[in-house]
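Trainee: Pasting a structure here, questions to come.
No lab work stands behind these numbers, since they all come straight from the coordinates. For clarity, every value in this text was computed on a predicted model and none was experimentally measured. As a convention, Cβ positions derive from the backbone with ideal geometry for all residues, glycine included, and neighbour counts pool all protein chains shown.
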Amino acid sequence: MSKDQGLSDKVKGKVNQAKGEVKDQVGNATDNPNMQREGKKDKLKGNIQEGVGKAKDDSRHY
């Protein structure tokens, strides 16, 4: 496993969280529930990716 793999997952997670937040807010502003739903999915995906990255970092310390 690469040293940077955990960092890569965390960065991807943050990007997906930000993308999801934008979609969620635009969907809310335009009264588009489908876009809001996509945004919430992207935020969840980002949270999971970030958690995986943290777990990989933590496992390297052992």
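Trainee: How many residues are more than 15 Å from the chain's Cα centre (by Cα), exposed (fewer than 13 other Cβ atoms within 10 Å of the Cβ) and assigned to a helix (DSSP H, G or I) when one looks only at the stretch 29-62?
Mentor: 6
Trainee: Looking only at the stretch 21-36, which residues are over 21 Å from residue 47 (Cα atoms) and of a type in the set (S, T, N, Q)?
Mentor: Correct list: 30, 32.
Trainee: Of the residues 22, 26, which single one is assigned to a helix (DSSP H, G or I), of a type outside the set (S, T, N, Q) and over 15 Å from the mean Cα position of the chain (by Cα)? Talk me through it step by step, then tell me what you get.
Mentor: On the way: 22 fails: over 15 Å from the mean Cα position of the chain (by Cα).
Exactly one of 22, 26 is assigned to a helix (DSSP H, G or I), of a type outside the set (S, T, N, Q) and over 15 Å from the mean Cα position of the chain (by Cα), namely 26.
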